[in-house]
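Note sheet for the following structure.
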Amino acid sequence: MADRLDVLIVGAGFSGMYMLLKCREQGLKTRVIEAGSGVGGTWYWNRYPGARVDIQSLEYSFGFDEKLEQEWRWSERYAPQPELLAYANHVAERFDLKPDISFNTRVTAAHWDAKADGWNVTLDSGEVVPARFVVMATGCLSVPTDVTFPGIEDYQGTIYRTSRWPHEGVDFSGQRVGIIGTGSSAIQSIPIIAETAAHLTVFQRTPNYSMPAHNGPIPDEDFQEWLKDPRAYRARSRATVGGFWNEAREDVIAIHTPPEEIKAELERRWAWGGFRLLSGFADQGIDAEANKIIADFVAAKIREQVKDPKVAELLTPKDHPFGTKRPCVDTGYYATYNRDNVSLIDLRADPLQHFTATGIKTKHNSFDFDAVVLATGFDAMTGAIERIDIRGVDGETIKEHWAAGPETYLGLMVAGFPNLFLITGPGSPSVLTNMIHSIEQHVEYVASIIGSLNAAQAARIEASREAEQAWTDHCDQTAAMTLLPQANSWYMGANVPGKPRRFMAYAGGLHTYTDICNAVRDKGWQGFVIARGDQVLSESRVFDSLPPPPENMAPHLMEMAMGRVMNWMQEHGRV
């Protein structure tokens with residue numbers, strides 16, 4: 001058995017690298033286990049054509065080191081995957097992180113050892129590593145669904161998955177290509193593949209909303225303005241719902257605004273691009289009537305861009321409110337369907353039956369392809385965690401603990417699993433936010449917990465079951481205040497057969513979440529049990545650190561929100 005670690009970190013993406021750096025600051029013996037051959041997490045694995053970030057590059061970057069900010073220059077408003085990977089490697093090299101990272105290695109199991117107040121972590125090499133703390137920095141979208149189809153083993157062409165794209169790239173010149181899926185990775189890759197393929201056939205299961213990136217080089221004057229005071233810019237971004245500056249108008253109600261003013265505001269936001277359309281009106285995310293106004297505007301934009309009215313109709317979502325699935329940010333996606341070498345197949349009207357030796361057979365048609373691309377998504381939020389045999393104090397696995405859906409305390413810890421931390425886990429704002437800001441907040445919070453335990457000479461910390469239940473209820477209630485649960489989205493686990501349906505992220509916003517975490521800390525780590533051996537040093541099982549509603553929340557908005565909470569509580573027997 002290897003020497004005991006203070007901290008074992010699973011994953012060398014942005015969260016794993018920053019966690020390693022924070023552990024080093026405390027002098028902790030730390031090791032990172034990474035399945036890939038390099039750092040970068042999402043940006044190491046996802047190399048499909050057109051892959052790029054959907055948050056502005058200046059904000060999608062670390063803010064913990066001023067020199068790092070000054071020395072790195074992003075080339076584009078929305079950085080492409082190669083540049084994001086280069087940035088990850090720059091961070092790793094600048095802080096000399098790689099010597100503490102074990103690459104090409106997977107964690108297969110982690111079992112709690114009560115006698116040692118720590119974990120025994122098994123690697124795929126058979127090595128067992130004891131560690132006092134384990135930090136799951138495995139990412140929210142790191143495990144592909146690996147969807148399969150009848151007869152796929154008979155297909156004699158080449159199959160590619162966007163989630164595991166060949167590092168050397170793929171040349172589709174002159175090829176007949178089929179792609180299944182129209183989520184984010186497909187929306188980004190379809191325009192690029194269409195440029196070289198002889199013909200591209202898109203098999204669409206569910207249309208998604210997408211907004212233009214209007215991408216391009218960052219003007220030097222914008223970059224210089226950023227450099228004047230990035231601290232203030234980041235502080236402003238962190239104090240928002242999504243953790244990025246989006247011109248949110250929290251006191252403007254769409255259904256109380258004249259139509260001409262709504263259209264002018266939406267046009268302005270569409271012209272700016274990116275996620276600006278998500279925050280034009282305070283009620284668009286919680287009121288169906290207000291949401292339809294935004295959805296109708298986007299539908300009109302789709303019709304403007306797609307010449308064939310029938311194709312435009314197929315590309316227009318009708319089964320979920322706008323913004324309840326993560327919208328995409330694209331470059332030329334809708335216009336791609338105007339190309340003569342691109343076809344759209346609606347799998348609802350013409351279901352896929354099976355693969356053949358030469359291609360794909362649907363109910364009404366047969367297609368021959370040289371290559372097929374599967375853009376079928378991820379087992380989000382819980383997939384990477386549940387695939388490891390993690391057993392807590394009573395031998396219960398974390399997958400068993402989450403049999404009815406994930407339950408956590410603050411998205412950070414799980415009752416019955418001491419000294420196990422989740423970075424941006426289910427129950428945290430994570431995927432609803434700028435991930436970098438959520439990562440920084442979580443990593444710094446975990447580091448402060450470990451520092452406090454060491455200062456108190458405590459051995460372990462565990463979320464109480466009572467606090468876990470209270471936080472899970474709060475997350476459910478907060479989501480019920482919105483339209484988010486109305487979509488069959490990966491937020492709900494709806495893309496994975498058999499996965500329990502629960503809205504997995506915290507919908508209250510990064511700013512609110514941060515205030516709650518700070519209140520928990522200021523109340524002596526409320527909701528946690530802190531111990532050393534058989535001695536309980538601190539025990540606070542309750543959780544009541546919710547902040548009051550914002551003072552500037554419009555009465556109309558508050559009334560709708562509370563109504564949704566009451567409806568949810570009645571449906572679930574809570575009142």
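Taking the range 144-187 as the region of interest, how many residues are assigned to a helix (DSSP H, G or I), touching a strand residue (DSSP E or B) at 6+ places or on another chain (Cβ under 7 Å) and open to solvent by 20 Å² or more (accessible area, probe 1.4 Å)? Even if it seems obvious, please write down each step before you answer.
Residues of the range 144-187 that are assigned to a helix (DSSP H, G or I), as a first pass: 152-154, 162-164, 184-187.
Okay, now just the ones that are also touching a strand residue (DSSP E or B) at 6+ places or on another chain (Cβ under 7 Å), so 152, 154, 162-164, 184, 186-187.
Cutting the leftovers down to open to solvent by 20 Å² or more (accessible area, probe 1.4 Å) gives us 152, 154, 164, 184.
Final tally of qualifying residues: 4.
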Between residues in the range 62-88 that are without any contact (Cβ under 8 Å) to a residue 24 or more places away in the chain and residues that are part of a helix (DSSP H, G or I) and open to solvent by 10 Å² or more (accessible area, probe 1.4 Å), which pairs lie under 7 Å by C-beta distance while being six or more apart or on different chains?
Trp72/His90
Tabulated pairs, the range 30-55, first on the phi > 0 side of the Ramachandran plot and β-branched (Val, Ile, Thr), second open to solvent by less than 10 Å² (accessible area, probe 1.4 Å) and not in a loop (DSSP other than H, G, I, E, B), C-beta under 9 angstrom, 6+ apart or interchain
none
Using the structure shown, decide if Asp350 is surrounded by fewer than 20 Cβ atoms within 10 Å (Cβ to Cβ), acidic (Asp, Glu), out of contact with any helix residue (DSSP H, G or I) (no Cβ under 9 Å at 6 or more places or on another chain) and assigned to a loop (DSSP other than H, G, I, E, B).
yes
Top-ranked residue of the range 319-339 - restricted to ones that are modelled with pLDDT under 95 and open to solvent by 30 Å² or more (accessible area, probe 1.4 Å), ranked as nearest to Ala51 (Cα to Cα)
Arg326
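Listed here are the residues, each with its yes/no results for (1) open to solvent by less than 10 Å² (accessible area, probe 1.4 Å); (2) under 27 Å from Tyr60 (Cβ atoms).
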{"position": "Ile390", "(1), (2)": "yes, no"}
{"position": "Ala403", "(1), (2)": "no, no"}
{"position": "Glu407", "(1), (2)": "no, no"}
{"position": "Met413", "(1), (2)": "yes, yes"}
{"position": "Pro429", "(1), (2)": "yes, yes"}
{"position": "Leu432", "(1), (2)": "no, yes"}
{"position": "Val443", "(1), (2)": "yes, yes"}
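Condition test on Asn488, is it surrounded by fewer than 19 Cβ atoms within 10 Å (Cβ to Cβ), modelled with pLDDT of 95 or more and among the polar types (S, T, N, Q)?
no
When you go through Ala403, Ala415 one by one, which is the residue that is more than 21 Å from Ile516 (Cβ to Cβ) and assigned to a loop (DSSP other than H, G, I, E, B)?
That would be Ala403, the only listed residue that is more than 21 Å from Ile516 (Cβ to Cβ) and assigned to a loop (DSSP other than H, G, I, E, B).
Yes/no matrix, rows are residues, columns are (1) under 23 Å from Ser452 (Cβ atoms); (2) assigned to a loop (DSSP other than H, G, I, E, B); (3) within 16 Å of the chain's Cα centre (by Cα):
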site	(1), (2), (3)
Asp6	yes, no, no
Tyr18	yes, no, no
Gly27	yes, yes, no
Arg47	no, yes, no
Ser57	no, yes, no
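Keeping to the range 195-214, report how many residues are open to solvent by 50 Å² or more (accessible area, probe 1.4 Å) and either under 26 Å from the mean Cα position of the chain (by Cα) or of a type in the set (S, T, N, Q) (or both).
Going through the range 195-214, the residues open to solvent by 50 Å² or more (accessible area, probe 1.4 Å) turn out to be 195-196, 198-199, 205, 214.
Subsequent filtering for residues that are either under 26 Å from the mean Cα position of the chain (by Cα) or of a type in the set (S, T, N, Q) (or both) retains 196, 205, 214.
Here the count works out to 3.
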Would you confirm whether any residue within the range 133-140 is modelled with pLDDT of 95 or more, open to solvent by 50 Å² or more (accessible area, probe 1.4 Å) and of a type in the set (A, V, I, L, M, F, W, C)?
no
Being touching a Lys or Arg at 6+ places or on another chain (Cβ under 8 Å) and either more than 21 Å from Asn104 (Cβ to Cβ) or basic (Lys, Arg) (or both) is the filter; apply it to the range 4-28 and report the residue that is surrounded by the most Cβ atoms within 10 Å (Cβ to Cβ).
Asp6
I'd like to know if the range 77-88 contains one or more residues that are within 19 Å of Val10 (Cβ to Cβ) and surrounded by 18 or more Cβ atoms within 10 Å (Cβ to Cβ).
yes
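Take the range 31-45 and flag every residue that is within 16 Å of the chain's Cα centre (by Cα) and either open to solvent by 10 Å² or more (accessible area, probe 1.4 Å) or β-branched (Val, Ile, Thr) (or both). Before you say what the answer is, go through the steps one by one.
At the first step, the residues of the range 31-45 found to be within 16 Å of the chain's Cα centre (by Cα) are 40-45.
Listed by number, the residues that qualify are Gly41, Thr42, Trp43, Tyr44, Trp45.
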Give the range 424-451 a look and list any residue that's within 14 Å of Tyr506 (Cβ to Cβ) and part of a loop (DSSP other than H, G, I, E, B), or say none.
Thr424, Gly425, Pro426, Gly427, Ser428, Pro429, Thr433
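Which residues, taken from the range 235-264, are aliphatic (A, V, I, L, M), part of a loop (DSSP other than H, G, I, E, B) and open to solvent by less than 70 Å² (accessible area, probe 1.4 Å)? So that I can check it myself, show each step before the final result.
Filtering the range 235-264 down to residues aliphatic (A, V, I, L, M) leaves 235, 239, 241, 248, 252-255, 262, 264.
Cutting the leftovers down to part of a loop (DSSP other than H, G, I, E, B) gives us 239, 241, 248, 252-253.
Answer for the range 235-264, where residues must be aliphatic (A, V, I, L, M), part of a loop (DSSP other than H, G, I, E, B) and open to solvent by less than 70 Å² (accessible area, probe 1.4 Å): Ala239, Ala248, Val252, Ile253.
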Residues of the range 71-113 satisfying the condition of being over 23 Å from Ala35 (Cβ atoms), under 23 Å from the mean Cα position of the chain (by Cα) and not in a strand (DSSP E or B)
Trp74, Arg77, Tyr78, Ala79
Using beta carbons and a limit of 7 Å, which pairs, at least six apart or on different chains, have the first residue in the range 393-412 and under 18 Å from Ile423 (Cα atoms) and of a type in the set (A, V, I, L, M) and the second one assigned to a loop (DSSP other than H, G, I, E, B) and open to solvent by 70 Å² or more (accessible area, probe 1.4 Å)?
none
What are the pairs with Cβ atoms under 9 angstrom where one residue, in the range 509-525, is more than 22 Å from Trp245 (Cβ to Cβ) and among the basic types (Lys, Arg) and the other, located anywhere, is open to solvent by 40 Å² or more (accessible area, probe 1.4 Å) and outside any helix (DSSP H, G or I)? Sequence gap at least six, or different chains.
Lys523/Asp544
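For the range 461-471, what are the residues that are open to solvent by less than 10 Å² (accessible area, probe 1.4 Å) and either in contact with a His (Cβ under 7 Å, 6 or more places away or on another chain) or over 15 Å from Ala519 (Cα atoms) (or both)?
Ile461, Ala463, Ser464, Glu468
The values are calculated or read from the model by the stated rules, or taken from the named source; none is laboratory data. Owing to the predicted nature of the structure, the values given are computational and were not obtained by experimental measurement. Cβ sites come from the backbone with ideal geometry, for glycine too, and all protein chains shown count toward neighbours. Ligands, DNA and RNA are excluded from the accessible area calculation, which covers all protein heavy atoms including side chains. Shrake-Rupley method; radii C 1.70, N 1.55, O 1.52, S 1.80 Å.
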